[in-house]
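Colleague: Structure below; questions to follow.
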2 protein chains.
Amino acid sequence: MEFWPVVLFSGIFAILFAFWLARDVLSQDKGTKAMQEVAALIFEGAMAFLNRQYRTIALFAIIAAVIIGGLIGGLANDPGLGVRTSIAFLVGAFCSGLAGFIGMFIAVQANLRTAAAAQRSVRDAIIVSLRGGAVSGFLVVSMSMLGVLLMFWLYGGFNLVPGQPLLSGPALVPFSIVGFGFGASFVALFAQLGGGIYTKAADVGADLVGKVEAGIPEDDPRNAAVIADLVGDNVGDCAGRGADLFESTAAENIGAMILGVSLYVVTGNTSWVFFPLVVRSIGVFASMVGILAVGVGDVSDPQRKLDQGYWAMTIVAAIGIFAVVWIMLDQNYWFALAGLTGLLTSVAFVYITQYYTAGGWRPVQELARASRTGPATNIISGFAVGLESTGVTAVIIAIALGLSYFFGVQAGSLTPALATGGVNPGLFGTAVATMGMLTTVAYVLSMDTFGPITDNAGGIAEFSQAPADVRHITDVLDGIGNTTKALTKGYAVGSAALAAFLLFSAYLDEVKLRENLTSFPVDLSNVTVFIGGFLGLMLIFLFSSLAIRAVGNAAGAIIEEVRRQFREHPGIMEGTERPDYARAVDITTRAGLHEMILPGLLAVLYPIVVGFVLKAEAAAGLLMVGTMGGILMATVLNNSGGTWDNAKKFIELGMLKGDGGTVLGKGTDAHAASVVGDTVGDPFKDTAGPSLHVLIKLLSTITLVMAPLFITR
Amino acid sequence: MEFWPVVLFSGIFAILFAFWLARDVLSQDKGTKAMQEVAALIFEGAMAFLNRQYRTIALFAIIAAVIIGGLIGGLANDPGLGVRTSIAFLVGAFCSGLAGFIGMFIAVQANLRTAAAAQRSVRDAIIVSLRGGAVSGFLVVSMSMLGVLLMFWLYGGFNLVPGQPLLSGPALVPFSIVGFGFGASFVALFAQLGGGIYTKAADVGADLVGKVEAGIPEDDPRNAAVIADLVGDNVGDCAGRGADLFESTAAENIGAMILGVSLYVVTGNTSWVFFPLVVRSIGVFASMVGILAVGVGDVSDPQRKLDQGYWAMTIVAAIGIFAVVWIMLDQNYWFALAGLTGLLTSVAFVYITQYYTAGGWRPVQELARASRTGPATNIISGFAVGLESTGVTAVIIAIALGLSYFFGVQAGSLTPALATGGVNPGLFGTAVATMGMLTTVAYVLSMDTFGPITDNAGGIAEFSQAPADVRHITDVLDGIGNTTKALTKGYAVGSAALAAFLLFSAYLDEVKLRENLTSFPVDLSNVTVFIGGFLGLMLIFLFSSLAIRAVGNAAGAIIEEVRRQFREHPGIMEGTERPDYARAVDITTRAGLHEMILPGLLAVLYPIVVGFVLKAEAAAGLLMVGTMGGILMATVLNNSGGTWDNAKKFIELGMLKGDGGTVLGKGTDAHAASVVGDTVGDPFKDTAGPSLHVLIKLLSTITLVMAPLFITR
């Protein structure tokens, strides 16, 4: 039985659903004239940034495609492979860029309409913002499904050579479409880095020069950097995250298909290769149920509605996974349990992140208390919380990995055909768990994009001086958006961890295939593996340093500009003169793009150089240890940043008490200390952390694509 | 030819030299009555802390010895092995404790005499303080040499069973004395943790409540925590570091001897086993030359004198290594090159650390400039510098490891006997490099202890209101002491990294021996190895979190107490009443000891539990990836802390310029921002970082000793 039509159908269906959502959002009321004016400024700034950014990235991508094709074609002495890899790379890069662009385009439209809807009710506002986010979510998933399917078809995945079906088509093509994943990660890295640097440089710059130096409130129209700050939410959180999750789903689809190849070769059943894409189809329908469930009934408690949608989706997905396993994988229920493990891991990450970053639990409260003795203790405490949060994160990942591997091994004994010929069904168990976890990606991305949309809606309301009740609704939604954004980061880390092992195994399969080896141990007691691993871990630290520093450098440029405007145009402060927003946006754009280049090139070139000099085993060490390090470092950066942010909010809400029960709220030293922590956390959680998610996947796709280079002796 | 008499002789000689130095220090002038009073307070506080701390540690050590002996004896079904391991553990623990105790005892005496000598000249002050530090340096080295030799003799290392010399004595005993190394690391961990928490809690507490809240200068007698702060320098930096370097040298001696066993078995020459101890003897003499060289000639530039001593020692050590290789290792000059690689690595680390933490280079200056925009940018920039410093650190380590391995392989082809029977001469090359690096340990430890001695001498001078010129001399020496302390940390990280691979290989040899395996691959594509590695890396993050948080908790207790004294005794602030120093010391002691327990137990129990549950391969993954992570994390913590500290000093020296060239010195916002960074860096660089050095070695010794437990199926 062929399953590709299921993939094709659900991919197209997801696109149609996204268009329906987009039409729905665009048909909403656009609010007051003042709102539309701000929104136009934001739209203009965001488009200007994306235009320039995409031109830079396109240039890099084309150069990279030529070099990659040349190197692989030349060194592996296989020009055809070089050309195919280059083309796949460019298609992946294009789709990744498109995913980011569309996500941002709709988000900018949804911002304004959310602000307008907030004039009517919470219900209208939440539906508009969530649907705006969902456009991006569904497009990302459908494009990754259809893109992989297209490449599979183009490169002859359906051509079974008569007489040797197990040596053609599905057995070979997954290896030759890894370029698609690499292209996607390549663009995602630069998109996330550039957007992340832009958004936090604008944020930090606007805060330091506005709130701290000039003493004016956040999003105050007198601050020249405020539009750049609002633009940043869109280009960093929407466009960056869209590209990130596109490359995740693409890379993990391809990696799981590669693992499926070894099972196909043994069983002759293409289901093993198509299974990952079919599970994605389940995810499309489950997420759709989740999104539509949010609009049903009373919406007075928006967080609860989002949770209900999440649970509705999880249940549908669980049932779907069982059904697909039953139909495709020989009724082997052990694999369904592996898939369920992945799904539950996703749920676990949602709760871990809430514990570490929401105000109701120990970490945020402890951090707020530490702010009473000043910024130093706030920083020490926040950093300690971030480090601590790696503990439960790692344990959950270890359990999920161990358990799904165990289920896979059990599955192997249930379907005896799997136990033959060097096949490892345990490994496929971890792949199924990864697929299980990623079924929810469309819904999670919708919730994530919901965050910056509501944040921007708040900014538009503030900037256009909308009435207090409108501002109140956007504030409530903004608070929820902060939580959903944090959740997505936890989810991205967790899925990256599960996928890491799968992509690593795919790399080993690739090396084995190319070198005709039956086994390829990556032995840590081999000195080159050790050195490769050590250098891989170092990459994570160095990359984080560059990403964090980039924000500092770019923020410096903005601070100078806003200071200059205040100094040369005293009318701005008195409210008689309008600041030159466009110039601030332009300077931020330049600085952001300039600063993204160094960390971006480091991330791309470093693994290639190490792999080329120290060869395939060292590259495997680099990939593996670097991935472990990236997961934990991203956890530290995301969670410490989130905790600092929410400790500040906790204090601003008047929930911190001093000696004798006095409230230590805004304007106190404790609040000032918490603002320092929040500022430190900005580049951690919104630039370095999310870029590390992409970097981890990039390491996998780079090593997969460049493997021919590493084994040339 | 037997080489053990060389070891015995030089061990005894080093002890005699240490006694001579101690007598010299103790015979010096004890200064004014006021100085002696303060010193007596410090002495009393330090002894009170050590007494309590050692009682706690002794209790833990005895419990641990019983459990370890029982587990190994019972599970491996070899009661003799259990008893031998327990005894070796206790002897190692005792020696480690003694090393810390003596180091601190002499340091406390040297503090006072340095302050007194500063009344006369820089020359006298530097000689007293350096010799005080050297007592500890030489005792540590001699005790580790003699201790290992003693255990080797006691456990029958010299008994060659007639007819089968290659299956007895030297071929087996190194494995059974690993308990000595474990005992040493066990005590060192608690000593470094307890001391590190004490010293930084007192420091942070004294600063926050004195400098920040009450606005009085550092080391002001009105601050009740000031004596605790001075005590802290001794118990943290002197006692802790002494125990740390004792366990390093002991563990690395044993590890290198274990690697030598496989070469002994092939060649029948015991030189391979004794080589590590003989190289230590070279180190004793080389360090002696270095120490004595500092006293010769003009001492107007103390930093230059210390550097001259360092270079004198390095040259003697290099010649000595060549000589020893020539005599012991069959004139195989390739091994001498490996040793030289280690020695040069040590030099490289000295310069890297200087670059990252001294005021003359980019990092400190950049950080000082970042302080102009407030504490948030100071923290961001300092953290970025710490992360960045892992780059060159990792590259140097990778080159040293790769190069010494290469030299070892070359050595193997020069001495054909080495190429037989599964022996890996490349590995022995890395062991020789480690030994080469560690030849300098006595001198480095002397320089390190010099730091807290001069720091305390400054405190005594300030507290006893000595004249300004005395204070000036101690200030100059204190500044140099900060640099030498930072250098030691770089050195400790570098040697830990080189040793890691050696100790890891020793573990694999141990497992192979016990399981009768010819190979034991630690394959990262094996899911349990991956999980073990991931959990190992997580341990580093979690342990750092607990260590950092412990300082915060303990500091809180001190702050409360000093505030209470100010509140209840207004006379203190007016200078009419003396604060209750003893009570502050007592509270710090309690808090420090209480807080050391959780991270300490985590470090000890976690690897045992993981190894027991997931077995030997996972333990190997944990050891290896945990070590990589520990090295890099310690680098981040040490260097960011050092840079923050020196950026503050840079500003205090008036070297930071604002807009238009105005000096931004003490009392400016930039200075306040830099103080925040310095406080954040305190627990990083003096608690968590140094404890990580010990943790890395502890992981090795634990897995070595507990190996029988991990392979019971």
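The values are calculated or read from the model by the stated rules, or taken from the named source; none is laboratory data. Since the model is a prediction, treat every value here as computed from it, not as a measurement. Every residue, glycine among them, receives a Cβ derived from its backbone with ideal geometry; neighbour counts consider all protein chains shown.
Colleague: Hey, could you check region A:1-40 for residues that are of a type outside the set (S, T, N, Q) and in a loop (DSSP other than H, G, I, E, B) and say which is surrounded by the most Cβ atoms within 10 Å (Cβ to Cβ)?
Modeller: Restricting to residues being of a type outside the set (S, T, N, Q) and in a loop (DSSP other than H, G, I, E, B), the top hit is A:GLY31.
Colleague: Looking at (1) more than 14 Å from chain A (Cβ to nearest Cβ); (2) within 23 Å of B:ILE291 (Cα to Cα), which one does B:ARG471 not meet, given that it meets all the others?
Modeller: All conditions pass for B:ARG471, except number (2).
Colleague: Quick one: which helices (runs of 4 or more DSSP H) sit completely within region B:164-246 and have at least 2 residues that are touching a residue at least 12 places away in the same chain (Cβ under 8 Å) and touching a Pro at 6+ places or on another chain (Cβ under 8 Å)?
Modeller: By residue number, B:178-206.
Colleague: What pairs come out if I take residues in region B:330-341 that are within 17 Å of B:LEU502 (Cα to Cα) and pair them with residues that are assigned to a loop (DSSP other than H, G, I, E, B) whose C-beta lies under 7 Å away, six or more apart or interchain?
Modeller: Within 7 Å, the pairs are B:PHE335/B:LEU329.
Colleague: Please go through region A:265-276 and pick out each residue that is assigned to a helix (DSSP H, G or I) and surrounded by fewer than 23 Cβ atoms within 10 Å (Cβ to Cβ).
Modeller: Within region A:265-276, A:VAL265, A:VAL266, A:THR267, A:SER271 qualify.
Colleague: Within region B:58-104, which residues are farther than 27 Å from B:LEU21 by Cβ and under 24 Å from the mean Cα position of the chain (by Cα)?
Modeller: Selection gives B:ALA58, B:LEU59, B:PHE60, B:ALA61, B:ILE62, B:ALA64, B:ALA65, B:ALA88, B:PHE89, B:LEU90.
Colleague: Given the options A:PHE43, A:PHE49, A:PHE60, name the one that is under 26 Å from A:PRO452 (Cα atoms), surrounded by fewer than 20 Cβ atoms within 10 Å (Cβ to Cβ), aromatic (Phe, Trp, Tyr) and touching a residue at least 24 places away in the same chain (Cβ under 8 Å).
Modeller: So the residue among A:PHE43, A:PHE49, A:PHE60 that is under 26 Å from A:PRO452 (Cα atoms), surrounded by fewer than 20 Cβ atoms within 10 Å (Cβ to Cβ), aromatic (Phe, Trp, Tyr) and touching a residue at least 24 places away in the same chain (Cβ under 8 Å) is A:PHE43.
Colleague: Hey, among the residues in region B:524-545 that are within 26 Å of the chain's Cα centre (by Cα) and either free of Cβ contacts under 8 Å to residues at least 40 places away in the same chain or not in a helix (DSSP H, G or I) (or both), which one's nearest to B:LEU692 (Cα to Cα)?
Modeller: The residue in question is B:SER545.
Colleague: Right, here's the next one. Would you point out which residue out of B:VAL108, B:VAL161 is in a loop (DSSP other than H, G, I, E, B) and not acidic (Asp, Glu)?
Modeller: None of the others qualify; the one that does is B:VAL161.
Colleague: Just checking, which of A:ALA492, A:ALA466, A:ALA506 is more than 14 Å from chain B (Cβ to nearest Cβ) and under 25 Å from A:ALA394 (Cβ atoms)?
Modeller: A:ALA492
Colleague: A follow-up question, please. Would you pick out the residues in region B:451-479 that are β-branched (Val, Ile, Thr) and either without any contact (Cβ under 8 Å) to a residue 12 or more places away in the chain or in contact with a Ser or Thr (Cβ under 7 Å, 6 or more places away or on another chain) (or both)?
Modeller: B:ILE453, B:THR454, B:THR474, listed by residue number.
Colleague: Quick test of your reading of the structure: B:ARG113 fulfils all but one of (1) of a type in the set (Lys, Arg); (2) crowded, with 24+ Cβ neighbours inside 10 Å; (3) over 30 Å from B:LEU477 (Cα atoms). Name the failing condition by number.
Modeller: In the conditions (1) of a type in the set (Lys, Arg); (2) crowded, with 24+ Cβ neighbours inside 10 Å; (3) over 30 Å from B:LEU477 (Cα atoms), B:ARG113 misses (3) alone.
Colleague: Now for a different question. What are the pairs, 6+ residues apart or on separate chains, where a residue within region A:500-518 that is touching a residue at least 24 places away in the same chain (Cβ under 8 Å) has its Cβ under 6 Å from a residue that is surrounded by 24 or more Cβ atoms within 10 Å (Cβ to Cβ) and among the β-branched types (Val, Ile, Thr)?
Modeller: Cβ pairs passing all conditions: A:ALA500/A:THR627; A:PHE501/A:THR430; A:LEU502/A:THR430; A:LEU502/A:THR434; A:ALA506/A:ILE258; A:TYR507/A:THR703; A:ASP509/A:ILE258.
Colleague: With the structure loaded, tell me whether A:ARG549 is surrounded by fewer than 23 Cβ atoms within 10 Å (Cβ to Cβ) and within 12 Å of chain B (Cβ to nearest Cβ) or whether it fails that test.
Modeller: For A:ARG549, the condition - surrounded by fewer than 23 Cβ atoms within 10 Å (Cβ to Cβ) and within 12 Å of chain B (Cβ to nearest Cβ) - is not met.
Colleague: Using the structure shown, decide if A:ASP682 is within 9 Å of chain B (Cβ to nearest Cβ) and among the acidic types (Asp, Glu).
Modeller: Criteria met by A:ASP682.
The rows are residues; the columns are (1) in a helix (DSSP H, G or I); (2) at pLDDT below 95; (3) of a type outside the set (Asp, Glu).
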position: A:ALA591; (1), (2), (3): yes, yes, yes
position: A:ALA603; (1), (2), (3): yes, yes, yes
position: A:ILE608; (1), (2), (3): yes, yes, yes
position: A:LEU614; (1), (2), (3): yes, yes, yes
position: A:GLU617; (1), (2), (3): yes, yes, no
position: A:LEU632; (1), (2), (3): yes, no, yes
position: A:VAL636; (1), (2), (3): yes, no, yes
position: A:GLY642; (1), (2), (3): yes, yes, yes
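Colleague: Taking region A:562-589 only, how many residues are in contact with a Lys or Arg (Cβ under 7 Å, 6 or more places away or on another chain) and in a helix (DSSP H, G or I)?
Modeller: 3
Colleague: Ok, one more. Please verify whether region A:662-674 includes one or more residues that are within 14 Å of chain B (Cβ to nearest Cβ) and either outside any helix (DSSP H, G or I) or under 20 Å from the mean Cα position of the chain (by Cα) (or both).
Modeller: no
Colleague: For B:ALA376, state whether it is out of contact with any Leu (no Cβ under 8 Å at 6 or more places or on another chain), within 14 Å of chain A (Cβ to nearest Cβ) and among the aliphatic types (A, V, I, L, M).
Modeller: no
Colleague: In the list B:ARG567, B:ARG583, which residue meets the criterion of being more than 8 Å from chain A (Cβ to nearest Cβ) and out of contact with any helix residue (DSSP H, G or I) (no Cβ under 9 Å at 6 or more places or on another chain)?
Modeller: Unique residue meeting the criteria: B:ARG567.
Colleague: If I filter region A:510-532 for residues that are closer than 30 Å to B:ALA376 by Cβ, within 12 Å of another protein chain (Cβ to nearest Cβ) and modelled with pLDDT of 85 or more, do I get at least one hit?
Modeller: No; the residues of region A:510-532 include none that is closer than 30 Å to B:ALA376 by Cβ, within 12 Å of another protein chain (Cβ to nearest Cβ) and modelled with pLDDT of 85 or more.
Yes/no matrix, rows are residues, columns are (1) closer than 24 Å to A:ILE631 by Cα; (2) in contact with a Phe, Trp or Tyr (Cβ under 8 Å, 6 or more places away or on another chain); (3) within 13 Å of chain B (Cβ to nearest Cβ); (4) surrounded by fewer than 24 Cβ atoms within 10 Å (Cβ to Cβ):
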site	(1), (2), (3), (4)
A:VAL476	no, no, no, yes
A:GLY481	yes, yes, no, no
A:LEU487	yes, yes, no, no
A:PHE501	yes, yes, yes, no
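Colleague: To continue, here is another question. Which of (1) under 30 Å from A:VAL409 (Cβ atoms); (2) hydroxyl-bearing (Ser, Thr, Tyr); (3) buried (at least 23 other Cβ atoms within 10 Å of the Cβ) is the odd one out, the single condition A:THR314 does not satisfy?
Modeller: Of the numbered conditions (1) under 30 Å from A:VAL409 (Cβ atoms); (2) hydroxyl-bearing (Ser, Thr, Tyr); (3) buried (at least 23 other Cβ atoms within 10 Å of the Cβ), the odd one out for A:THR314 is (3).
Colleague: Given the criterion buried (at least 22 other Cβ atoms within 10 Å of the Cβ) and under 30 Å from B:VAL663 (Cα atoms), identify the matching residue among B:THR345, B:THR341, B:THR357.
Modeller: After applying the criteria, what remains is B:THR357.
Colleague: From A:ALA48, A:ALA40, grab the single residue that is closer than 30 Å to A:GLU595 by Cβ and modelled with pLDDT under 90.
Modeller: A:ALA48
Colleague: Right, next: Which residue pairs have Cβ atoms under 7 Å apart, sit 6 or more places apart or on different chains, and have a first residue in region A:266-279 that is closer than 18 Å to A:SER144 by Cα and a second that is aromatic (Phe, Trp, Tyr)?
Modeller: Final answer for the pair search is A:VAL273/A:TYR264; A:PHE274/A:PHE3; A:PHE274/A:TRP4; A:VAL278/A:PHE3.
Colleague: Follow-up. If you check A:GLY391, A:GLY429, A:GLY402, A:GLY412, which single one turns out to be over 23 Å from the mean Cα position of the chain (by Cα) and at the interface with another protein chain (Cβ under 7 Å from one of its Cβ atoms)?
Modeller: A:GLY402 is the lone residue from the list that is over 23 Å from the mean Cα position of the chain (by Cα) and at the interface with another protein chain (Cβ under 7 Å from one of its Cβ atoms).
Colleague: Would you check if there is a residue in region B:441-449 being under 27 Å from B:ASN424 (Cβ atoms) and under 18 Å from the mean Cα position of the chain (by Cα)?
Modeller: Yes, region B:441-449 contains a residue that is under 27 Å from B:ASN424 (Cβ atoms) and under 18 Å from the mean Cα position of the chain (by Cα).
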